[in-house]
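> This is the structure, below, for whatever I ask next.
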Amino acid sequence: MNHYTKVVGMDVHKKIIVVAVLPIGSDRVTESFTIENTPKAVERLAQRLTTNGSAEFVYEAGPCGYEAQRQIAGMGHKCVVIAPGLTPVRPGDRVKNDRRDAEKLARLYRAGELTEIRIPSREEEAARDLVRVREDVLEDRLRARHRLSKFLLRQGRVFTESKSWGVAYHAWVTKQKFEWPALQQSFEAYARAAEESQARIDHLDQQLQDLAQKEPYKTPVQYLRSLRGVDTLGALTLVVEAQDFRRFEKARGFMGYTGAVPSEYTSVKVQRGSITKVGNAHIRRILIEAAWSYRRKGVMSQYIAKRRNGCPADVIAIARKAEDRLHRKYWRLVGRGKLPQKAVVAVARELAGFVWSIGQKFPATTAAQRKAMADAALG
């Protein structure tokens, strides 16, 4: 970024957008104002600020999504969305408001200190939202089950024959009856909430299975399922969250994107701490869940062989290498006294490298197919 471009920092909210204009050749914002967050107001803003020359617009990713970016970019102007977790923060700066945030974005963008994120197409965003809906419903089911189990516990109803929420537990729950009508009604309400959340998950699972069988997701999902611990839903989550593995030049870049890399506090002596968690939490969750399967030595079961059927030889070779390497890594770390949880996170970080390697094997037509589907969705 140079001083010969006007920069427009925007702090985007649900109803308003606070704008700060950094003119050509200046390090100080000369204009700051607020507009409504409506398509018409954004259009007038872009037209007014680009009347006498080009301008570049910048704002942080947030709950308002990418509508402003898509509208401004559709008008032919550059608009970037940056990662808020990677925005530099000045030590001791305890004054924060919308105007200062917009000004800071403009200055840091011109200085090249901000990290731009990739804007997903509408089709990519739709698939990603469907995957995230399932994760939200899983949380709803967990809460509903906890409320039901704690209600039963308060009434002295404890199931000890096997683990909770298995077939036997469900059969036991359905047989529960209470003498007082109010208690029976409360029990039925809690049980109905748990049943409804499970029904929603079953419905979403089927929708995601159907989506995974369609291009452009079918082939990438098939390749990633060759990895132990990564089945259809996990593979689909990796694909829709990463969007395009080729945008990461090296495996290290994708590892950093997951937020599973260790923090570092180094001056004279190298000191590393817990993972940064500055990255995609959805991908990190899938990788950590999959990493637990590498505690056991890889055995070519019929299920794994079926999942790898039809995959290219180089993809299968990567999956086999991951099995051996990650299994040895886990037990080497545990043998050194590392807690299993920490060893699994380390395995998940390295598993991200194998996921990236397989991502480089995706057919080149996948990106073109994705774009064609996005264009079709836009009409």
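> Within the set of pairs 6+ apart or on separate chains, which have a first residue in the range 35-64 that is in the same structural domain as residue 24 (by TED's automatic domain parsing), a second that is among the hydroxyl-bearing types (Ser, Thr, Tyr) and surrounded by 20 or more Cβ atoms within 10 Å (Cβ to Cβ), and C-beta atoms under 7 Å apart?
As it stands, the answer is 58/109, since those pairs meet every condition given.
A quick yes/no check of all residues on (1) more than 18 Å from residue 198 (Cβ to Cβ); (2) surrounded by 15 or more Cβ atoms within 10 Å (Cβ to Cβ); (3) out of contact with any Cys (no Cβ under 9 Å at 6 or more places or on another chain):
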site	(1), (2), (3)
160	yes, no, yes
166	no, no, yes
173	no, yes, yes
181	yes, no, yes
184	yes, no, yes
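> Picking from 116, 135, 103, which residue would you name as being among the acidic types (Asp, Glu), within 28 Å of residue 6 (Cα to Cα) and outside the structural domain of residue 11 (by TED's automatic domain parsing)?
Working: 135 fails: within 28 Å of residue 6 (Cα to Cα); 103 fails: outside the structural domain of residue 11 (by TED's automatic domain parsing).
Of the residues listed, the single one that is among the acidic types (Asp, Glu), within 28 Å of residue 6 (Cα to Cα) and outside the structural domain of residue 11 (by TED's automatic domain parsing) is 116.
> Any chance the range 314-322 includes a residue that's more than 25 Å from the chain's Cα centre (by Cα) and assigned to a loop (DSSP other than H, G, I, E, B)? Steps first, please.
Start the filter on the range 314-322 by keeping residues that are more than 25 Å from the chain's Cα centre (by Cα), which leaves 314, 316-317, 320-321.
Still in the list and also assigned to a loop (DSSP other than H, G, I, E, B): none.
No.
> Under 8 Å between Cβ atoms, at least 6 apart or on separate chains: pull out the pairs that start in the range 333-355 with a residue that is in the same structural domain as residue 289 (by TED's automatic domain parsing) and assigned to a helix (DSSP H, G or I) and end on any residue that is surrounded by fewer than 19 Cβ atoms within 10 Å (Cβ to Cβ) and small (Gly, Ala, Ser).
If the second residue must be surrounded by fewer than 19 Cβ atoms within 10 Å (Cβ to Cβ) and small (Gly, Ala, Ser), the pairs left are 352/251; 353/251.
> At pLDDT 95 or above, surrounded by 16 or more Cβ atoms within 10 Å (Cβ to Cβ) and within 22 Å of residue 112 (Cα to Cα): does that describe residue 19? So that I can check it myself, show each step before the final result.
Values: at pLDDT 95 or above: yes; surrounded by 16 or more Cβ atoms within 10 Å (Cβ to Cβ): yes; within 22 Å of residue 112 (Cα to Cα): yes.
Judged against the criteria, residue 19 is a match.
> Working carefully through the options 220, 216, find the one that is surrounded by 20 or more Cβ atoms within 10 Å (Cβ to Cβ) and more than 18 Å from the chain's Cα centre (by Cα). Reasoning before the result, please.
Numbers: 220 fails: more than 18 Å from the chain's Cα centre (by Cα).
Result of the check over 220, 216: 216.
> Sort out which residues of the range 118-167 are touching a Leu at 6+ places or on another chain (Cβ under 9 Å) and in a loop (DSSP other than H, G, I, E, B), and write them in order of number.
121, 155, 158, 159
> Can you work out which of the residues in the range 323-345 that are over 22 Å from residue 360 (Cα atoms) and of a type in the set (A, V, I, L, M) is nearest to the chain's Cα centre (by Cα)?
Just the residues of the range 323-345 that are over 22 Å from residue 360 (Cα atoms), to begin with: 327-345.
Filter once more, keeping what is of a type in the set (A, V, I, L, M): 333-334, 339, 343-345.
Details: 333: 28, 334: 29, 339: 26, 343: 22, 344: 20, 345: 17 Å.
In this case the residue turns out to be 345.
> I'd like to know if the range 234-255 contains one or more residues that are assigned to a helix (DSSP H, G or I), among the polar types (S, T, N, Q) and surrounded by fewer than 20 Cβ atoms within 10 Å (Cβ to Cβ).
We begin by selecting, within the range 234-255, every residue assigned to a helix (DSSP H, G or I); these are 234-242, 245-247, 251-255.
Add one more test, that the residue is among the polar types (S, T, N, Q), and what stays is 237.
Those still in the list that are surrounded by fewer than 20 Cβ atoms within 10 Å (Cβ to Cβ) too: none.
No, that holds for no residue.
> Among the residues of the range 37-45, are any surrounded by 14 or more Cβ atoms within 10 Å (Cβ to Cβ), β-branched (Val, Ile, Thr), closer than 15 Å to residue 103 by Cα and touching a strand residue (DSSP E or B) at 6+ places or on another chain (Cβ under 9 Å)?
No.
> Which one of 284, 307 is closer than 24 Å to residue 254 by Cβ and at pLDDT 95 or above? Steps first, answer last, please.
Numbers: 307 fails: at pLDDT 95 or above.
Going through 284, 307 in turn, just one is closer than 24 Å to residue 254 by Cβ and at pLDDT 95 or above: 284.
> Turning to a different aspect of this structure: Please work out which residue is surrounded by the most Cβ atoms within 10 Å (Cβ to Cβ), limiting yourself to the range 256-277 and to residues that are touching a strand residue (DSSP E or B) at 6+ places or on another chain (Cβ under 7 Å) and among the hydroxyl-bearing types (Ser, Thr, Tyr).
My answer is 276.
Matching residues to (1) closer than 23 Å to residue 125 by Cβ; (2) in contact (Cβ under 8 Å) with a residue 40 or more places away in the chain; (3) not polar (S, T, N, Q):
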{"residue": "220", "(1), (2), (3)": "yes, yes, yes"}
{"residue": "240", "(1), (2), (3)": "yes, yes, yes"}
{"residue": "272", "(1), (2), (3)": "no, no, yes"}
{"residue": "314", "(1), (2), (3)": "no, yes, yes"}
{"residue": "318", "(1), (2), (3)": "no, yes, yes"}
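> Still on this structure: Within the range 7-55, work out how many residues are over 17 Å from residue 87 (Cβ atoms) and in a strand (DSSP E or B).
11
The values are calculated or read from the model by the stated rules, or taken from the named source; none is laboratory data. The model shown is predicted, which means the values in this text are computed figures rather than measured ones. Here Cβ is always computed from backbone atoms with ideal geometry, including for glycine, and neighbour counts include all displayed protein chains.
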